Amino acid sequence: MVIKKLTLQNFRNYGKETFFFRDGLNVLSGRNAQGKTNCAEAVFYLCTGSPLRIRHEKQLVRFGEEKAYLSAETQTHAGTVKLEAEISENGRALFVNGNKVARFVDFLGHMTSVFFSPGELRLVQDGPDERRRFLNLSISQTSPSYGAALLRYQKILDQRNNLLKSRDVDTVLATLPVWDEQLGVYAARIIRARRSFLKELSPLAAEAHAYLTDGGEELSVAAEGNYPEEEDEIAKKLVRELTNSYERDIRLGYTSVGPHRDDLKISIDGADARGYASQGQTRTAALSMKLAEAEIFKKLTGESPVLILDDVMSELDLPRRKKLVERTRGLQCILTCTHAERVLYGEEANKIKIHGGKIL
């Protein structure tokens, strides 16, 4: 999978610009706050249908404009695919080959992307929300059915949480079992998909980490919690846990058990990375998980994802910079940096210089 052409109009700080990418390494260079990350974010958005770190997509629209437009012309084994998005104050519209998609999940799977920046340290350092977000975004890119289950689970969860806030306890207790049965079905699909994904991810992340550290450290990634193997058994277990939590959930006013509360355990040399890892170790662990994610996408789809490395090189020492560049071979990589010559180390690249939201 490769993106050949990217067009941005009124997106972030861009008026209207068109980028032409090639296979292999593409380097976006320029001073800070010129638009490099904005371009990288646009690629990620068109691959995943999700913004990076904002709550309201209208923030993607250039200040003073009514709407933004993004499009990517891509090449896959199946042929060419055009992905488009229009974003405005009233929401967004997504298109595949000129046809508006009715459901968000129908936009997924046409292109896959792996994004890494210094901010991805959150994956290791922050709370469970960040690790669940990583799993949800990653699995949804290659499994629209997972994305659909996730959306359905969230809707049912919202309804259950609203019920728990009711002061009519008798009605709450009488109605909860109805929601629990439905929640258990979708929760089981989510949990089983996550376990399957992690079974693939863990050894690949360990291998990437060993490569980046010259075998100096051992990385382990595992799911917390104990669930059965079969989906129907997982659902039954979840329903029992939900039933046993009625008193607590009514007191709290929200659902305290389920995949929306699950977490990952990330360890380096047997120690919990969240509590004991240094900044450098944390960065390498997160990067290793992202490189493993790229390998999984390639295995599942038969095509390599677009790898986006946003201002990563400045955070790595020289040996790991070189190893990372070597690791990107065979992938279409979009790399942002302030000075291209400081990260290429003799590698050929498509170099694009950006200043003030414009290509120079």
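Details
- Residue in region 80-91 that is out of contact with any strand residue (DSSP E or B) (no Cβ under 8 Å at 6 or more places or on another chain), open to solvent by 10 Å² or more (accessible area, probe 1.4 Å) and farther than 23 Å from VAL306 by Cα present: yes
- Count of residues meeting criterion [touching a residue at least 24 places away in the same chain (Cβ under 8 Å), under 17 Å from the mean Cα position of the chain (by Cα) and either closer than 21 Å to ALA78 by Cβ or surrounded by fewer than 22 Cβ atoms within 10 Å (Cβ to Cβ) (or both)] in region 291-307: 10
- The number of residues in region 308-335 that are open to solvent by 70 Å² or more (accessible area, probe 1.4 Å) and out of contact with any helix residue (DSSP H, G or I) (no Cβ under 6 Å at 6 or more places or on another chain) comes to 8.
- Close contacts from region 81-103, counting a first residue that is free of Cβ contacts under 8 Å to residues at least 24 places away in the same chain and farther than 20 Å from ASN10 by Cα and a second that is buried (at least 17 other Cβ atoms within 10 Å of the Cβ) and among the aliphatic types (A, V, I, L, M), with Cβ to Cβ under 6 Å and a gap of 6+ residues or different chains, come to VAL101/LEU94.
- Tally of residues being part of a helix (DSSP H, G or I), farther than 20 Å from GLY30 by Cα and touching a Cys at 6+ places or on another chain (Cβ under 8 Å) across region 288-336: 0
- Breaking point among (1) open to solvent by less than 60 Å² (accessible area, probe 1.4 Å); (2) farther than 19 Å from PHE134 by Cα; (3) at pLDDT 95 or above, for THR338: (3)
The rows are residues; the columns are (1) in a strand (DSSP E or B); (2) at pLDDT 95 or above; (3) more than 23 Å from THR7 (Cα to Cα).
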| position | (1), (2), (3) |
| --- | --- |
| ILE54 | no, no, no |
| SER71 | yes, yes, no |
| ILE87 | yes, yes, no |
| PHE95 | yes, yes, no |
| GLY109 | no, no, no |
| LEU121 | no, no, yes |
| ARG133 | no, no, yes |
| GLN154 | no, yes, yes |
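- Of all the listed residues (LYS265, LYS358, LYS351), the sole one being among the charged types (D, E, K, R), open to solvent by 60 Å² or more (accessible area, probe 1.4 Å) and within 26 Å of SER140 (Cα to Cα) is LYS265.
For every residue, the table says whether it meets (1) closer than 24 Å to GLN125 by Cα; (2) among the acidic types (Asp, Glu).
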{"position": "ALA294", "(1), (2)": "yes, no"}
{"position": "GLU347", "(1), (2)": "no, yes"}
{"position": "ASN350", "(1), (2)": "no, no"}
{"position": "LYS353", "(1), (2)": "no, no"}
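- Taken over region 138-148, residues that are assigned to a helix (DSSP H, G or I) and surrounded by 19 or more Cβ atoms within 10 Å (Cβ to Cβ) amount to 6.
- Candidate set: region 248-262, residues that are part of a helix (DSSP H, G or I) and farther than 30 Å from ALA206 by Cβ; chosen: the one least open to solvent (accessible area, probe 1.4 Å): ASP249
- Filter result (on the phi < 0 side of the Ramachandran plot, among the charged types (D, E, K, R) and in contact with a Lys or Arg (Cβ under 8 Å, 6 or more places away or on another chain)) within region 291-326: ASP310, GLU315
- Counting only residues that are part of a helix (DSSP H, G or I) and surrounded by fewer than 15 Cβ atoms within 10 Å (Cβ to Cβ), region 160-189 holds 9 of them.
- ALA277 vs. criteria surrounded by 19 or more Cβ atoms within 10 Å (Cβ to Cβ), within 17 Å of the chain's Cα centre (by Cα) and in contact (Cβ under 8 Å) with a residue 60 or more places away in the chain: no
- Restricting attention to region 21-51 and to residues that are free of Cβ contacts under 8 Å to residues at least 60 places away in the same chain and outside any helix (DSSP H, G or I), the residue that is surrounded by the fewest Cβ atoms within 10 Å (Cβ to Cβ) turns out to be ALA33.
- Considered as a group, the residues in region 206-247 that are in contact with a Leu (Cβ under 6 Å, 6 or more places away or on another chain) and assigned to a helix (DSSP H, G or I) include one that is most open to solvent (accessible area, probe 1.4 Å), and that residue is ALA206.
- Failed item, numbered, when VAL114 is tested on (1) part of a helix (DSSP H, G or I); (2) closer than 22 Å to ALA223 by Cα; (3) in contact with a helix residue (DSSP H, G or I) (Cβ under 8 Å, 6 or more places away or on another chain): (1)
The values are calculated or read from the model by the stated rules, or taken from the named source; none is laboratory data. Since the structure is predicted, the reported quantities are computational estimates derived from the model, not experimental observations. A quick note on method: Cβ atoms are made from the backbone with ideal geometry, for glycine too, and the neighbour counts reach across all protein chains shown. When the accessible area is computed, the model is the full protein with side chains, heavy atoms only, and any ligands, DNA or RNA have been set aside. Shrake-Rupley method; radii C 1.70, N 1.55, O 1.52, S 1.80 Å.
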